[in-house]
1. Using the Cβ atoms and a cut-off under 10 Å, what net charge is assigned to the surroundings of K264, where Lys and Arg are +1 and Asp and Glu are -1?
2. In the neighborhood of K68, defined by Cβ-to-Cβ distances under 13 Å, what is the net charge if each Lys or Arg adds +1 and each Asp or Glu adds -1?
3. To make sure I understand the rule: partners must be lysines, Cα under 19 Å from the Cα of K177, and not fewer than 8 residues away in the same chain. Which ones qualify?
4. Using a 1.4 Å probe and ignoring any ligands, DNA or RNA, find the accessible area of E202 and quote it in Å² to the nearest 10.
5. Provide the gained length on full extension for the span E390 to A133, in nm with one decimal, where the gain is 0.36 nm per separating residue minus the Cα-Cα distance.
6. For F218, F81, write out the residues from largest to smallest accessible area, computed with a 1.4 angstrom probe and no ligands counted.
7. How many Å² of accessible area per residue for region 2-196, probe 1.4 Å?
8. Which aspartates and glutamates does K314 reach when only Cα atoms under 13 Å apart count, and residues fewer than 8 places away in its own chain are ignored?
Amino acid sequence: MRMSVIGTGYLGAVHAVCMAHLGHDVVAYDTDASKIDMLSAGSSPFYEPGFDELLGTVLATGRLRFTKSPVEAVSGATVHFVCVGTPQLPGSDAADVQYVDGAFRMVAENADCDGLIVGKSTVPVGTAQRLAAELATSPLGLELAWNPEFLREGKAIEDTLRPDRLVFGVTSEHAEKTLQEVYGPIIDAGTPHLTSDLATSELVKVAANAFLATKISFINAMAEVCDLVDADVVTLSRALGYDDRIGARFLNAGLGFGGGCLPKDIRAFSARAGELGASHALRFLHEVDKINIRQREKAVEVARAAVGGEFLGKSIAVLGAAFKPNSDDVRDSPALNVAAAMHLKGADVRVHDPKAIENARARFPTLGYFDSAEAACRNADLIVLATEWEEYCTIDPVAFRSVVREPRLLDTRNAIDRQYWSDAGWQMFGLGRGGPKA
Ligand code: UDX
């Protein structure tokens, strides 16, 4: 099937590569010429495990091309996927849908045959209906569908090729059949697929992200209580997780959620509920957001207590800058937020990350960056483990004692074996593990 993919950010690039992998003939378009040049040359503008290899394979088949030309992308295609971003509007909680609107118009203006325009971007509910009404005036037979994307960074290829479910928001049987054809191999592999109206399909995505964010903030609220009564949130979380009704996933207490999706999506969802006259229904998401931000502030407080109550003159190593492991994404990264806050309060902050240093430096140029964890930790008064990369979780605490000035570790992700490090002579600090003990 000949298709276009509009937008080659994280979502669009992965989607284009995976569609070509499934056998479709794909032309992907972006207004950012540098991205198109990189992708055409087979290199990725971001770090995603498995992406470069799959990109190389599908480019070699000739089934995937990247272009800066709207006409080249759209003409001849019968399915168009809109994969552009919906960032938070400056000065507001609402989502900025100008890029989605622009992409739909671009397709409508350049299409030369009937086809289906499929929105994948995360949008305020009601956007699809509005765009469908606009498309109805197009002289060509262009129809709209919504097919939300649930991919996680770090697992994007797996999530696209073997998703938990597919959701098709459609207004006709033809649109449903087209999407079934697009995803044929994935459906044949047994993936559940649901068909709905447009609004429900838009809501599935924001509701899923709201639920995940709520689950994380729930356990972080429990962490706050644990600190007050010297209880242990890690054991609490494990005990809760064994209950099938609750489940263990997304129940890791710590520095909380960041990245380009969860924080902005819960704010945009609340803002949309307000526009719909139902702000009361989603008021709890404001609390979810506040709990999340408090964890970052709490981490800074615990770090301050750990180094004796004063940051000035103290050297602090921050391990991790990405918002989560296996990603180089530093958008709204809790790790960098904590690093920057400690730096502002006078600490000498030394950051390491296996993949995100360049992105971090571009955002916070005044922090110190090092190309190994050991270099960052040299003579540190405290190590703050802020992103749970595997390489940090396997550090040998005995060997590492001679690297630092003071053997103190604040594990904000509850990712390492506390007892093991304690036995090796380290003073351990955490969130939800019984409060600052310095
Ligand atoms: C999220 C959704 O999971 C995905 O379905 C959607 O399409 C996009 O947004 P992503 O932003 O890649 O994906 O990250 P995710 O794996 O969901 O993690 C989000 C944040 O929550 C990270 O900062 C992570 O460290 C944090 N987190 C996750 C916790 O603090 N505790 C947990 O138990 C799980």
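1. Working: positive: R267, R331; negative: D93, D96, D265, D332.
Summing Lys and Arg as +1 and Asp and Glu as -1 gives -2.
2. Working: positive: K35, R65; negative: D30, D32, D37, E72.
Net local charge, K68 excluded: -2.
3. K120
4. Counting only protein heavy atoms, the figure is 10 Å².
5. Working: separation 257, 0.36 × 257 = 92.52 nm, distance 4.87 nm.
Separation in residues times 0.36 nm, less the Cα-Cα distance, equals 87.6 nm.
6. Working: F218 100, F81 0 Å².
Order by accessible area, largest first: F218, F81.
7. Values: 7700 Å² over 195 residues.
Result: 39 Å² of accessible area for each residue.
8. List returned: D348, D381, E406.
The values are calculated or read from the model by the stated rules, or taken from the named source; none is laboratory data. Just so we're clear, the structure is a prediction, and the values are computed from it rather than from any experiment. Virtual Cβ from ideal backbone geometry, glycine too; neighbours counted across all protein chains shown. What goes into the accessible areas is simple: the full protein's heavy atoms, side chains included, and nothing from ligands, DNA or RNA. Shrake-Rupley method; radii C 1.70, N 1.55, O 1.52, S 1.80 Å.
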